[in-house]
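S.K.: Dropping a structure here in C-alpha cells format, bear with me for questions.
The values are calculated or read from the model by the stated rules, or taken from the named source; none is laboratory data. Predicted model only: the values in this text are computed from it and were never measured. All Cβ positions, glycine included, derive from the backbone under ideal geometry; neighbour counts span all protein chains shown. For the accessible areas, the whole protein counts, side chains as well, though only heavy atoms, and no ligand, DNA or RNA atoms are used. Shrake-Rupley method; radii C 1.70, N 1.55, O 1.52, S 1.80 Å.
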Amino acid sequence: VLRAALDAAATALGRPVHVTEWDTPAVRAHAARLTVACATDGNHGRAVAWGARRVGARAVILVHEGVSAGRVAAIARHGAEVVRGPGPSCRPGPRSALTCERTLRRGHPWLAPCCSRASRAPWPAPAG
C-alpha cells in the first residue's frame, strides 16, 4: 500500500518520491484520492486495510462467502469497506483484479496490491 501511495504521488507530482516522504502533506493528499483493493481470506486484507489507513487511502477488501465473521470484523476494524461475494470470484487469484474492477466502478482510481507490479497502475475511470 505504501508503494502504491508513493507511486501515485510520484506520478501526480512529476518527480520521484522517496519513502521518507510517505507522511508529508503532498503525499497524503494524493494518497487520499487512492483506493486500494484486494481479494483475501483474511490476513492479507487486514494488512492492506491497515496500510491504507496509515497513508490515508481508502481500502476495499473482497472476501468470499466462506470467510468468518470474525475475520471480516478484523478487516473492517482498520477502516476498510469489506465486500462479500459468492464463490471463487472473490478468492485471491487471477480473477481477483477483474472482480475488483467490477466492484469498484465508482469513478475512483484504485490499485490492487495483491496483483503483479505490472498491473498496479491506476485503472482508468469507467466510461459513462
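S.K.: Quick one: Asp23 ticks every box in (1) modelled with pLDDT under 85; (2) in a loop (DSSP other than H, G, I, E, B); (3) within 21 Å of Leu2 (Cα to Cα) except a single one, so which number is it?
M.R.: Evaluating Asp23 over (1) modelled with pLDDT under 85; (2) in a loop (DSSP other than H, G, I, E, B); (3) within 21 Å of Leu2 (Cα to Cα) leaves (1) as the failure.
S.K.: Does the stretch 65-88 include one or more residues that are open to solvent by 30 Å² or more (accessible area, probe 1.4 Å), at pLDDT below 55 and not in a loop (DSSP other than H, G, I, E, B)?
M.R.: Yes, because at least one residue in the stretch 65-88 is open to solvent by 30 Å² or more (accessible area, probe 1.4 Å), at pLDDT below 55 and not in a loop (DSSP other than H, G, I, E, B).
S.K.: Out of the stretch 26-40, which residues are of a type in the set (Gly, Ala, Ser) and assigned to a helix (DSSP H, G or I)?
M.R.: Passing the criteria: Ala26, Ala29, Ala31.
S.K.: With the condition kept exactly as written, say whether any residue in the stretch 6-22 is over 22 Å from Ile75 (Cβ atoms), open to solvent by less than 70 Å² (accessible area, probe 1.4 Å), in contact with a Lys or Arg (Cβ under 9 Å, 6 or more places away or on another chain) and not hydrophobic (A, V, I, L, M, F, W, C).
M.R.: Yes.
S.K.: Let me ask another. Of the conditions (1) open to solvent by 70 Å² or more (accessible area, probe 1.4 Å); (2) at pLDDT below 90, Thr40 satisfies every one except a single condition; which number is it?
M.R.: Going through the list (1) open to solvent by 70 Å² or more (accessible area, probe 1.4 Å); (2) at pLDDT below 90, Thr40 breaks only (1).
S.K.: Same structure again: Which pairs have Cβ atoms under 9 Å, sit 6 or more apart or on different chains, and link a residue in the stretch 19-35 that is over 17 Å from Val48 (Cβ atoms) to one that is part of a helix (DSSP H, G or I) and of a type in the set (S, T, N, Q)?
M.R.: Cβ pairs passing all conditions: His30/Thr11.
S.K.: Need pairs with beta-carbon distance below 6 Å; first residue closer than 11 Å to Asp41 by Cα and within the stretch 68-97, second of a type in the set (Lys, Arg) and at pLDDT 90 or above; sequence gap 6+ or separate chains.
M.R.: Ile75/Arg46
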